[in-house]
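The values are calculated or read from the model by the stated rules, or taken from the named source; none is laboratory data. Since the model is a prediction, treat every value here as computed from it, not as a measurement. All Cβ positions, glycine included, derive from the backbone under ideal geometry; neighbour counts span all protein chains shown. Ligands, DNA and RNA are excluded from the accessible area calculation, which covers all protein heavy atoms including side chains. Shrake-Rupley method; radii C 1.70, N 1.55, O 1.52, S 1.80 Å.
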Amino acid sequence: MTRTDLPLPEPANLIGNVWQPAVSGASMDVISPIDGLPFARIADSGPEDVDAAVAAARAAFEGGDWSRLTAAERGRLLLRLARRIEDEAEALARLESRDNGKPIRQARADMAVTARYFEYYGGAADKLHGEIIPFLKDCNVELHREPHGVTGHIIPWNYPAQMFGRSVAPALATGNAAVLKPAEEACLTALRIGALAVEAGFPPGALNIVTGRGETAGAALSRHPGIDFISFTGSPEVGVLIQTEAARNFIGCTLELGGKSPQIVFDDADLEAALPVLVTAVIQNGGQTCSAGSRALVQRGVFDAVMAGLKARFEAIEASDSGEEAVLGPLISARQKARVEGYIANAGAPLIARGGIRAGTPDGGFYVAPAVFGPCDPGSRIAQEEVFGPVLCVIPFEDEAEAIAIANGTEYGLVASVWTRDGARQQRVAKAMRCGQVFVNGYGAGGGVELPFGGRRKSGHGREKGFAALHDFTTLKTIVTHHG
Ligand code: NAI
Ligand code: MG
């Protein structure tokens, strides 16, 4: 069955499988970036709503129906939710596109990846084993992997459904009970997937969703003494707050805080392959991607050719509403648009090209014409700070050593790519990158659900995706039995 039209939700939180308005009765507007107009309302939750959600999760984890399920049964629920998301993918994609502004084709790809997270972790739930250490005399030593308990999840607005899957699916697969605080800017698909989880048969309290502002609902969740672990994706500034609150509660956290990821193009690169990827890696999702390829490091011998290729391509890109043909939609909010336009106005480097905004695009939407700058000073703001928009900076380099120094020369360390036909150089440069993922002659790998992902330093720590996330959402217990 394919459901094509979803009713917009009432402003309510999902707590213990019941939809409940905020205790205060407060709600807030949801604005579509396509035209800047409100089109739905969500609960504007406070600490008392977070308290209720954490209590429901605690009850589910300690003695509730959720705690009694086997790993295989949990896995089956996740798989059932994956099927529900697939069945509703088109309607969910339309909702995501309206809520977040992303091109419909991007939203469709997002829903496939979201379903895939639940499928992957559903399949993995009963395949996570402990270990035995056989080396001690007269003892048997077992390592058990146990869920943390109640996990908090704070996710951003750039990929609402995908982030839900990425953060929550491995937590549920390992038996935690989750409380999710999605972003106030875009969270309607998260609410809908919550409803699908209830339909799929998740017991009360396994998954709870509380909407609202970061400073209120988000802060209440991150400092709640009832959570045992917190997973956060968003800005470094809020990441520091999350980690500080986690420290006060003596719990662990995963932080994914974005980046300033380089693509390094050597003289011997296949430019026909590289050029389109240099563009899409920073245009995808309007550049509002943690792993956006926002710096192009280009060796002198091909610098002019790459600049010419980028100029032609950027000039041809138009921001437009999010219909079938769109490649670049609006940014999420007036605030993000102003922030990105500020970086463009103060780039401090020559503008190579600026794309356009398609005629007839709704007036009130948050559209930004894409821009490419170069040559940029590697130490300048545009080359150091995360812009989170369709803005690429191009930096020339002379040799491999300089390329590595520039690539590693920001506070971030999330993703990098290296374009060269020289196999030894591929290996050397990949190993020299201080980041969590390196691509050779490409950038990204579909949704990358199976591939451990995360950063270093200002990009955060901990690993999501793949089996690595199952490890982060569990804690090890060592049991030693003396048998004489
Ligand atoms: P943000 O970090 O404020 O928001 C992300 C999430 O954190 C949202 O759910 C928000 O409600 C929550 N939050 C905000 N303040 C909080 C607090 N005090 N306590 C607990 N939770 C809180 O990010 P924002 O303001 O939307 O974007 C600012 C910049 O952050 C962007 O321009 C971009 O550079 C970066 N960013 C990076 C993302 C990534 O994927 N790594 C995603 C979103 C933003
Ligand atoms: Mg913020």
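Positive end of the dipole of segment 313-378 (Cβ unit charges, origin at the Cα centre): among S320, G364, V340, the Cα lying farthest that way belongs to V340. Taking amide H as placed 1.01 Å from N in the peptide plane, I357 has its amide H under 5 Å from the amide H of A319, each at least 5 places away in sequence or on another chain. A simple charge model with +1 on the Cβ of Lys and Arg, -1 on the Cβ of Asp and Glu and nothing else charged puts the dipole of the chain at about 560 debye relative to its Cα centre. For segment 1-119, what does the alpha-carbon gyration tensor say about shape, rounded, prolate or oblate, given a ≥ b ≥ c as the root eigenvalues, a/c under 1.5 as rounded, and a/b over b/c as prolate? Because a/c hits 1.5 or more and a/b fails to exceed b/c, segment 1-119 counts as oblate. Using θ = phi - 60° in the Karplus curve 6.51 cos²θ - 1.76 cosθ + 1.60, the 3J(HN,Hα) couplings for segment 221-233 round to 5, 5, 9, 5, x, x, 9, 10, 6, 9, 10, 10, 10 Hz; x is entered for Gly and Pro.
Let me know the charge dipole size of segment 305-425 about its Cα centre in debye, to the nearest 20, where only the beta-carbon of Lys, Arg (+1) and Asp, Glu (-1) is charged. All intermediate terms of the calculation are to be shown ahead of the outcome.
Numbers: 10 positive and 16 negative charges, 47 e Å.
Here segment 305-425 has a charge dipole of around 220 debye.
Relative to the dominant Cα principal axis of the chain, helix 47-61 is inclined by about 60°.
Go through segment 285-347 and name the GluC sites (Glu not before Pro) that are in a DSSP coil and have 14 or fewer other Cβ atoms within 10 Å of their Cβ.
Those that pass, being in a loop and sparsely packed, are E324, E325.
Per-residue ellipticity at 222 nm computed for the chain from its helices equals -11500 deg cm²/dmol, with DSSP H segments shorter than 4 residues left out and the rest contributing -39,500 (n - 2.57). For the pair segment 412-484 / segment 118-160, the C-alpha centres are spaced 17 Å from each other.
What is the percent carbon and sulfur in the accessible area of segment 219-292, measuring with a 1.4 Å probe over the protein chains and ignoring ligands?
Numbers: 1460 of 2460 Å².
Carbon and sulfur atoms account for 60 percent of the accessible area of segment 219-292.
Mind checking segment 1-95 for GluC sites (Glu not before Pro) that DSSP puts in a loop (not H, G, I, E or B) and that have at most 13 other Cβ atoms within 10 Å? Here the sparse-neighbourhood loop sites are E62.
Among the trypsin sites (Lys or Arg not before Pro) in segment 376-484, those located in a DSSP loop and surrounded by at most 14 other Cβ atoms within 10 Å of their own Cβ are R421.
With the convex hull of the Cα atoms taken as the outline of segment 167-211, the averaged projected area works out to 3.0 nm². Under 27 Å Cα to Cα from K311, which lysines show up? Leave out anything in the same chain fewer than 8 places away. The reachable lysines, counting only those whose Cα sits under 27 Å from K311, are K102, K260, K337.
What is the angle, in °, between the Cα long axis of helix 89-100 and the longest principal axis of the Cα atoms in the chain? Nearest 10 is fine, range 0 to 90. Taking Cα atoms only, the helix is inclined about 60 degrees. Working note: Karplus 6.51/-1.76/1.60 with θ = phi - 60° gives segment 271-279 the couplings 5, 4, 7, 6, 4, x, 6, 4, 6 Hz, where Gly and Pro are set to x. Proximity of backbone amide H atoms, modeled 1.01 Å from N, is registered between L451 and G466 at under 5 Å, excluding neighbours fewer than 5 places apart on the same chain.
Bridgeable aspartates and glutamates around K431 (alpha carbons under 16 Å apart, same-chain partners fewer than 8 residues away excluded): E400, E402, D422.
For segment 385-472, the carbon plus sulfur part of the accessible surface works out to 49%, probe radius 1.4 Å.
In segment 326-484, a dipole from Cβ-located charges (positive for Lys and Arg, negative for Asp and Glu) runs towards its positive end, and of I404, L414, A468 it is A468 whose Cα lies farthest in that direction. Selection among G16, A43, I31 by position relative to the dipole of segment 1-57 gives G16 as farthest towards the positive end (Cβ unit charges, Cα centre).
Rounded to whole numbers, the Karplus 3J(HN,Hα) couplings from phi for segment 33-42 are x, 5, 10, x, 9, x, 9, 7, 10, 10 Hz, using 6.51 cos²θ - 1.76 cosθ + 1.60 with θ = phi - 60°, and x at Gly and Pro. Using the 1.4 Å probe convention, the accessible area of the chain works out to 39 Å² per residue with neighbouring protein chains retained. A straight line joining the Cα centroids of segment 44-88 and segment 385-407 runs 43 Å.
Its Cα centre serving as origin, segment 269-346 has a Cβ charge dipole (Lys and Arg +1, Asp and Glu -1) of approximately 480 debye. Counting only Cα atoms, the size of the chain along its three principal axes is 69, 62, 43 Å, in decreasing order. Applying D = kT/(6 pi eta Rh) to segment 55-96, where Rh is the Kirkwood radius over alpha-carbon pairs, T corresponds to 4 °C and eta to 1.567 mPa s, the Stokes-Einstein value obtained is 107 µm²/s. Given DSSP loops and a limit of at most 11 other Cβ atoms within 10 Å, what is the longest stretch of the chain that contains no such chymotrypsin sites (Phe, Trp or Tyr not before Pro)? Longest site-free region, per DSSP loop and neighbour criteria: 251-484. Shown for segment 53-207: the carbon plus sulfur share of the solvent-accessible area, taken with all protein chains present and a 1.4 angstrom probe, equals 53%. The long axis of helix 104-124 is offset from the longest Cα principal axis of the chain by roughly 40 degrees. Taking amide H as placed 1.01 Å from N in the peptide plane, the amide H of C139 sits under 5 Å from that of H483, each at least 5 places away or on another chain.
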